[in-house]
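Taken together, the values in this text are just the output of simple stated rules run on the coordinates, not laboratory data. None of the values given here were measured: they were computed from a predicted structure.
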Amino acid sequence: MIRKYMPKREEMARNKYLAPIAHRFLTPELWRFTRRSVPRGVALGLFSAFIIPIGQIFLAAFLALPSRANVPLAALVTFVTNPLTLPLWVVVANRVGRFTLQIDAATSGYANEQLQSGAWSWLADFFQLAGVTAFGFIILAVLSAAAGYLLSSAIWRVIIARRRAKRLRRMEARLDQRLKAN
């Protein structure tokens, strides 16, 4: 199902931003689904999705090159943050950043009081919220990349184990049929 929605190698080769390095993106090992490339692609895609809001697909694709991660999967996973879900992630990042930093307005000091008392109060509020939110996005990027790597690796192992068990059952059934025929 995932392969159906993946961008094709030819589509990415035609992209004007990727044209100078398209020969690197077209190497077959970056497009295979292996036990190592899939978790790397998921981790890089999640990291890129939370670290920058615009151009995240290109960042994921560029990071996938040196790490030999699955390029289309890295690009696809970046859609966790899209224009519809971005407001939710901004609120989550703000709360995570605030929880992590434990910012208390009472301990900010004299300079912060002066900024908030005058016409510059909106600017102080903006920088305080933006800094907390940016820090929250960094935390989300690192934690989601680690969780995505571990989860996709575990799912990959389960899928491979099921395929192997199914193949062994088929081989056993064939062997039983041959023994009954003899």
remark   = Taking segment 121-182, the equivalent ellipsoid from its C-alpha gyration tensor has semi-axes in Å, biggest first, of 59, 7, 4
query = Near residue 166, which lysines are there with a Cα under 23 Å away, not counting those fewer than 8 places off in the same chain?
reply = 180
query = Dividing the Cα radius of gyration by the Kirkwood radius, what Rg/Rh value follows for segment 14-80?
reply = 0.95
